[in-house]
Amino acid sequence: MLIPVMKASAGQPMINMIVNAVCPVVALIGAGYLSGRRQLLGVGALDALNLYVVWLALPAMLFLVMAHLTGKDLSHLPFVLSFLGAQMLPFLAIYLWARRAGRGIGQATVDSLTGSYANTSYMGIPVLMAVLGPRSMMPMAIATVMTVCIQFAGSILLMEKERALKGGALLSRRRLIWTVLCNPLVASPLAGGAFALAGNMGGFHLPQMAETTLTMLGNSSSPCALVVIGLFLASRQGDAAWARSGDGLLLAVLTFIKLIVQPLIAFVLAFWVFRTDPLWARACVLLAATPNGTGAFMLARLYDREAGMISRAILISTILSAITLPLFILLLS
């Protein structure tokens, strides 16, 4: 598993734990914003750093997450079904609403991610460690794998479908699937999964040199992505995004769905529908209660979709999670 950037201990006071998890995220976005305003990183920093995350850092992280997967990780079916439902029910509801409202496939996908894409690793690690202890790292890993393999890959499939339609080429199903498989954000977790399968059957592991290299690359994905968000908010596109008052209500609704509705869905599914093991059920709810992850922003930038709303949603939901996360922790206690 990737080395956590933020450390947490099970005996840490709750308010300190929340602040320690939220502040670095906001600080990195702020560092990117100030760097962009003062042009400290140069004119092309936004695009260059975004490409670094998409083609190097994030694929390395996704490969490692999948490469460490074992058969035991997927044996916790009640948790898998609970978290899957908490992921996909808001995603599908928002997507169908956005399409009926006349938004394109790509923008509807970004809207859906804005209301459902959880920050399972960067925020999940310190929160779960502080509240539930080391045993909660297994559900965190499984939730991250599900986010990568189902929500992330499915969103890329939708993006590629719209790209093909806008290009005037009605791709065959085979060619569309091949195009998606060639995307580094899909190819890397698939390669990691194939390696995990072969490793579990053959009993071998990644060489230490490869493990260290990929870990160093992967650990840079979230910090760099947060800096990219700050750079974007400081750009002309970011200024235009803040100026669009019409997006305010939609942003508020999607943020409410992410921080309140999604964890409530997880609570109902984990405790009442699938009757998940208590520790795993609590982990499911807390993971669903984390703010927006950076993956949705990366996809919006990669496919040249409107990234203003998701960039603001990440910042705002992260700040508000300092209030909403303690509420769900109290609910679970």
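Selection within the stretch 43-90: residues that are at pLDDT 85 or above and in a loop (DSSP other than H, G, I, E, B). The member of this set that is nearest to GLY218 (Cα to Cα) is GLY44. Here is the figure for the stretch 127-152: residues that are farther than 19 Å from PRO278 by Cα and out of contact with any Gly (no Cβ under 7 Å at 6 or more places or on another chain) total 8.
I need the full set of residues from the stretch 80-89 which are crowded, with 23+ Cβ neighbours inside 10 Å and in contact with a Leu (Cβ under 9 Å, 6 or more places away or on another chain), in order please. Once the filter is applied, which keeps residues that are crowded, with 23+ Cβ neighbours inside 10 Å and in contact with a Leu (Cβ under 9 Å, 6 or more places away or on another chain), the stretch 80-89 yields SER82, PHE83, ALA86. Of the residues examined, VAL268 is not one that is among the β-branched types (Val, Ile, Thr) and touching a residue at least 12 places away in the same chain (Cβ under 8 Å).
Close contacts from the stretch 196-221, counting a first residue that is in contact (Cβ under 8 Å) with a residue 24 or more places away in the chain and a second that is loosely packed, with under 13 Cβ neighbours inside 10 Å and assigned to a helix (DSSP H, G or I), with Cβ to Cβ under 8 Å and a gap of 6+ residues or different chains, come to ASN200/GLY71.
Looking across the stretch 162-175, the residues that are closer than 27 Å to THR114 by Cα and at pLDDT below 85 come down to ARG163, ALA164, LEU165, LYS166, GLY167. Taking (1) closer than 21 Å to GLY293 by Cα; (2) crowded, with 19+ Cβ neighbours inside 10 Å; (3) in contact (Cβ under 8 Å) with a residue 24 or more places away in the chain in turn, GLY193 satisfies each apart from (1). Scanning the stretch 41-54 for residues that are aliphatic (A, V, I, L, M) and in contact with a helix residue (DSSP H, G or I) (Cβ under 8 Å, 6 or more places away or on another chain) returns LEU41, ALA45, LEU46, LEU49, VAL53, VAL54.
The values are calculated or read from the model by the stated rules, or taken from the named source; none is laboratory data. All values reported here derive from a predicted model rather than from experimental measurement. Positions of Cβ are backbone-derived with ideal geometry, glycine not excepted, and every protein chain shown enters the neighbour counts.
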